[in-house]
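Enquirer: Dropping a structure here in structure tokens format, bear with me for questions.
The values are calculated or read from the model by the stated rules, or taken from the named source; none is laboratory data. Bear in mind the structure is a predicted one, so any value in this text is a computation, not a measurement. Positions of Cβ are generated from backbone atoms using ideal geometry, with glycine treated the same way; all protein chains shown enter the neighbour counts.
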Amino acid sequence: MNKNIFFQKKNIKLKKIFPHVKNNFLINDIKPLHLAKKFDISFFDSIKYKDDAIKTKAGACITTLKLEKFISSNSQKIIVKNVLFELANALKNIYPFADIDYPDLSLKSVKSIKKKSVKFGNNVLIGKNVKIGDKVIIGANSIVEQNVIIGKNCVIGSGVIIKNSLIGDGVIIQDNCKIGQKGFGFIPNNKRNLKFPHIGKVIIEDDVELGSGCTIDRGSVDNTIIGKNSYLDNQVHVAHNVQIGMNCMIAGQVGFAGSSKIGNNVSIGGQAGISGHLKIGDNVRIGGGSGVVKDIEKNQIVMGYPAVPLKNFIKNQKKKI
């Protein structure tokens, strides 16, 4: 799905935002380095994404003087002092209503929906252009905002709010989950912090289960994704752009900071924290209460703060005795 169905986009040329560029073009979208195409803008602000920068097909890339040498020769370089500040400004120009979650004024009672195979509790509200598959149950006082797509055989509890999201088949969402809202994104400024628009969405793949009270933020520029057959316990927070693989088991009160990527078959114990922009490999086990502050290769078992291999953690605990 290439078109952004959740946020209104303005047609605007590159020179309107960046007057000093040489090659002007009508901007198609703003996308991450690995997804950007000829008429998209992208951004490069960390050496960690060097490999993506070298291969990017973006028509223009916002970056710094220090990092410009890594960007593909096919991409026009826009040199700035603060990449995220300029990116936020560009997003605001192209998607003027994505920095605030405005109430969905199209919401209506489910009495207007005629579909015998879908069951609704009391006081359910549905926005325009919502698509709901067969054999779905939605509990009392839940809200599904405009353009959301929900697959078949899903069970959605009471007090759930879903916006800016694509939900697969067989998904279970327990009471009081909040899915698809704007994440925590601000650019620090001495005079006034600048809100960072979030134009991504949440993608929840087939057979996922979310425990009660989970919060799943939509992506900022990329998407937030929860892979097939993954289970999240109560009160888990997934920040913008986080991508969780298949068959993962996440215990209660785990928090994921933005843009971290979690592999397949990963298990995380309760109250663990995952810092931003990390890569956690397949089959990793993270002990409860751990603080993960660096990448973890596949097939590792870690624990502690900062999280270290389990054998090292046990040795350190014995030294304290």
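Enquirer: Of the residues Ile156, Ile161, only one is of a type in the set (Val, Ile, Thr) and under 20 Å from Ser117 (Cβ atoms); which?
Expert: That would be Ile156, the only listed residue that is of a type in the set (Val, Ile, Thr) and under 20 Å from Ser117 (Cβ atoms).
Enquirer: Yes or no: Ser212 in contact with a Cys (Cβ under 6 Å, 6 or more places away or on another chain) and either surrounded by fewer than 24 Cβ atoms within 10 Å (Cβ to Cβ) or at negative phi (or both)?
Expert: Here the answer is no, as Ser212 does not meet what is asked.
Enquirer: Still on this model: Would you say Val254 is farther than 29 Å from Lys182 by Cβ and among the β-branched types (Val, Ile, Thr)?
Expert: no
Enquirer: Tell me yes or no: at least one residue of the range 199-206 is in a loop (DSSP other than H, G, I, E, B) and over 19 Å from Ile30 (Cβ atoms).
Expert: Yes, the range 199-206 contains at least one residue that is in a loop (DSSP other than H, G, I, E, B) and over 19 Å from Ile30 (Cβ atoms).
Enquirer: Now a separate question. Return the only residue of Asn299, Asn265 being surrounded by 16 or more Cβ atoms within 10 Å (Cβ to Cβ), at pLDDT 95 or above and in a loop (DSSP other than H, G, I, E, B).
Expert: Of the residues listed, the single one that is surrounded by 16 or more Cβ atoms within 10 Å (Cβ to Cβ), at pLDDT 95 or above and in a loop (DSSP other than H, G, I, E, B) is Asn265.
Enquirer: Can I ask one more? Would you pick out the residues in the range 11-36 that are in a strand (DSSP E or B) and either under 18 Å from His198 (Cα atoms) or free of Cβ contacts under 8 Å to residues at least 12 places away in the same chain (or both)?
Expert: Answer for the range 11-36, where residues must be in a strand (DSSP E or B) and either under 18 Å from His198 (Cα atoms) or free of Cβ contacts under 8 Å to residues at least 12 places away in the same chain (or both): Asp29, Ile30.
Enquirer: Among the residues of the range 56-107, which ones are assigned to a helix (DSSP H, G or I) and over 25 Å from the mean Cα position of the chain (by Cα)?
Expert: Glu68, Lys69, Phe70
Enquirer: Which members of the range 41-50 meet the condition of being assigned to a helix (DSSP H, G or I) and either of a type in the set (S, T, N, Q) or in contact with a His (Cβ under 9 Å, 6 or more places away or on another chain) (or both)?
Expert: Matches in the range 41-50: Lys48, Tyr49.
Enquirer: In addition: Condition check: more than 23 Å from Gly200 (Cβ to Cβ) and surrounded by 14 or more Cβ atoms within 10 Å (Cβ to Cβ). Does Thr64 satisfy that?
Expert: yes
Enquirer: Still on this structure: If I ask for residues that are basic (Lys, Arg) and within 19 Å of the chain's Cα centre (by Cα), which ones from the range 129-146 would you list?
Expert: none
Enquirer: Scan the range 14-27 for residues that are within 19 Å of Ala88 (Cβ to Cβ), touching a strand residue (DSSP E or B) at 6+ places or on another chain (Cβ under 8 Å) and modelled with pLDDT of 95 or more and jot them down.
Expert: Scanning the range 14-27 gives Leu14, Phe18, Ile27.
Enquirer: Let me ask something else about it. Enumerate the pairs (first residue in the range 51-63 and under 17 Å from Asn82 (Cα atoms) and in contact (Cβ under 8 Å) with a residue 24 or more places away in the chain; second residue anywhere and part of a loop (DSSP other than H, G, I, E, B) and of a type in the set (Val, Ile, Thr)) with beta-carbon separation below 8 Å, excluding pairs fewer than 6 apart on the same chain, so at least 6 apart or on different chains.
Expert: If the second residue must be part of a loop (DSSP other than H, G, I, E, B) and of a type in the set (Val, Ile, Thr), the pairs left are Ala60/Val21; Cys61/Ile71; Ile62/Val80.
Enquirer: Among the candidates Ile138, Ile78, Ile47, Ile132, single out the residue that is out of contact with any Phe, Trp or Tyr (no Cβ under 7 Å at 6 or more places or on another chain), crowded, with 19+ Cβ neighbours inside 10 Å and aliphatic (A, V, I, L, M).
Expert: Just a single option satisfies the conditions, and that option is Ile132.
Enquirer: Right, next: State all residues of the range 147-197 that are in a loop (DSSP other than H, G, I, E, B), within 17 Å of the chain's Cα centre (by Cα) and polar (S, T, N, Q); if no residue qualifies, say none.
Expert: Asn164, Gln181 - these are the residues of the range 147-197 that are in a loop (DSSP other than H, G, I, E, B), within 17 Å of the chain's Cα centre (by Cα) and polar (S, T, N, Q).
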